[in-house]
Structure formats: structure tokens, C-alpha cells
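Asks: After the C-alpha cells below, expect a handful of questions from me.
The values are calculated or read from the model by the stated rules, or taken from the named source; none is laboratory data. Model, not experiment: these values are computed from the prediction. Virtual Cβ from ideal backbone geometry, glycine too; neighbours counted across all protein chains shown. Surface accessibility is based on the protein's heavy atoms, side chains included, excluding ligands, DNA and RNA. Shrake-Rupley method; radii C 1.70, N 1.55, O 1.52, S 1.80 Å.
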Amino acid sequence: MKENLKKQIIARLKDKKLALLVIDVQNDFCHSEGSFAKRKAKLSHVQKVVPRISSFIESFRELSLPVIFIRTIHSDWTNSPSWLRRMGGMAEKFPVCLPNTWGAEFFKVKPKGNEYIVTKHRYSAFVGTDLNLILRSKGIETLLLTGVVTNICVETTARDGFNLDYNIILVEDCCGAYLMAEHRSTLNNISKYFGIVSDSNSIIKILKSIKE
């Protein structure tokens, strides 16, 4: 890691006013029998990063740092005509994360104890949710973003978080996309305009050094 980048990360983490966001790690997005698999999406990268996300979550728990899970739920109550037309109409043909279904359940990750679950109905975890209230109530200033998919829900949440004056750190090896070109595009976009891009090992090393 370049020394300048390391200094930037330390500056954002040193006060421990941070939270880990785990975005949309759900069966319909990640499982080989989920909705996106039925759309013939390439799941290899998405599935590859989930164990890393799980390990990163455990490291946060060991350091007694907050983990917030974000899940998508779509229903007739929240689906507008324009929303259903996204992705060329594929969203209507292959419904995603319907209420109380297997597809909406978490994929190989699970909240523990009092870890908070935010339910969203759009790409951004801030739109129509209580996420901003939760973060402000806890004095959170820095968000570490993980989950799927990198270029859609993760990036949209990162953009909105930045515009709400949060420090954004995108954890590149804990974010997955269906196309690597789209994943890399988001890494480039975030690092240039919206925050910092780093990896889970570097972040944990920094957090442990701060604790000591």
C-alpha cells in the first residue's frame, strides 16, 4: 500500500467512528439457483468474494466495531412502473428478493446479536430507509462498503453516502460484480471522485494497529 493512501485511511479510521456495511449478500443475487442465475448472470466473482466478506465481518466483530446489514426487498407496495422497467424489463420478468422468500434470505452471511438490518427498495441503501438516522445516531463518520454488486447497489450507496458527507472506503476484495469490467470501473470511479479504495487485509491491519 502506498504511504499516502495508508495515511488517508488512518485519518478516517483513527477515531473509530466507522461502520461496516454489508450490501445485498442475498440468495437472489449470489446463489446458483437465485434470480440472477436464471438471467444467466456470471456469478463466479460474486461467489468468490463472499468468504472474504464473511471473514471481514468476523474481524469487525472481534474488534467490537459495528456491522450493518443491508438487504433488498421488492414487492407490489414498492415497485413503480419505472422501477420494473429497469434492466430492459428483466426486473419484471425475473422478480428479485420478494418478501418472505428464500431469494431474499442472506447468502452465507448472517447478522448476529443486535447487528442492525436495513431494508431497502432501491439501489441505494439511503433511499427510503432509516440508514442515515442510524448512522447519525451512532456518530458514524466513515463507511466501509462491501457486498454486491459493485457497480450497482454498492456504488449507488457509496455515491449517496459521500453526498451526505460520510467518508467512503470501498473494500475492493469484498465487493463482487457479474462483469469484471464493471467492477473495475467502479473502483476507478470511487477512487477518483467519491472516496478511497482499499483491501480488507490492509484495513484490518490498520484497525488493529490503532487499537494497540
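Asks: How many residues does the stretch 1-29 hold that are under 19 Å from residue 205 (Cα atoms), open to solvent by 10 Å² or more (accessible area, probe 1.4 Å) and in a helix (DSSP H, G or I)?
Replies: Restricting attention to the stretch 1-29, the residues satisfying the condition of being under 19 Å from residue 205 (Cα atoms) are 1-21.
If we keep only those that are open to solvent by 10 Å² or more (accessible area, probe 1.4 Å) too, we end up with 1-8, 10-12, 14-17.
Subsequent filtering for residues that are in a helix (DSSP H, G or I) retains 3-8, 10-12.
Result for the stretch 1-29: 9.
Asks: Moving on. Residue by residue through the stretch 149-171, note down the ones that are in contact (Cβ under 8 Å) with a residue 12 or more places away in the chain, open to solvent by 50 Å² or more (accessible area, probe 1.4 Å) and closer than 18 Å to residue 130 by Cα.
Replies: Of everything in the stretch 149-171, those that are in contact (Cβ under 8 Å) with a residue 12 or more places away in the chain, open to solvent by 50 Å² or more (accessible area, probe 1.4 Å) and closer than 18 Å to residue 130 by Cα turn out to be 159, 162, 164.
Asks: So which of 80, 124, 75, 137 is among the hydroxyl-bearing types (Ser, Thr, Tyr) and within 21 Å of residue 60 (Cβ to Cβ)? Before you say what the answer is, go through the steps one by one.
Replies: Working: 80 fails: within 21 Å of residue 60 (Cβ to Cβ); 124 fails: within 21 Å of residue 60 (Cβ to Cβ); 75 fails: within 21 Å of residue 60 (Cβ to Cβ).
So the residue among 80, 124, 75, 137 that is among the hydroxyl-bearing types (Ser, Thr, Tyr) and within 21 Å of residue 60 (Cβ to Cβ) is 137.
Asks: Take the conditions open to solvent by 30 Å² or more (accessible area, probe 1.4 Å) and in contact with a strand residue (DSSP E or B) (Cβ under 6 Å, 6 or more places away or on another chain) and apply them to residue 129. Does it pass?
Replies: yes
Asks: Check residue 155 against each of (1) of a type in the set (Asp, Glu); (2) in a loop (DSSP other than H, G, I, E, B); (3) closer than 24 Å to residue 83 by Cβ and name the one condition it does not meet.
Replies: All conditions pass for residue 155, except number (2).
Asks: Out of everything in the stretch 177-187 that is farther than 14 Å from residue 156 by Cα and either under 13 Å from the mean Cα position of the chain (by Cα) or without any contact (Cβ under 8 Å) to a residue 40 or more places away in the chain (or both), what residue ends up being surrounded by the fewest Cβ atoms within 10 Å (Cβ to Cβ)?
Replies: 181
Asks: Still on this model: Take the stretch 30-78 and flag every residue that is open to solvent by 40 Å² or more (accessible area, probe 1.4 Å), in a loop (DSSP other than H, G, I, E, B) and either free of Cβ contacts under 8 Å to residues at least 40 places away in the same chain or closer than 16 Å to residue 109 by Cβ (or both).
Replies: 31, 32, 33, 40, 64, 66, 76, 77
Asks: Right, here's the next one. Just checking, which of 32, 80, 44 is touching a Leu at 6+ places or on another chain (Cβ under 8 Å) and over 30 Å from residue 210 (Cα atoms)? Walk me through it before giving the result.
Replies: Details: 80 fails: touching a Leu at 6+ places or on another chain (Cβ under 8 Å); 44 fails: touching a Leu at 6+ places or on another chain (Cβ under 8 Å).
That would be 32, the only listed residue that is touching a Leu at 6+ places or on another chain (Cβ under 8 Å) and over 30 Å from residue 210 (Cα atoms).
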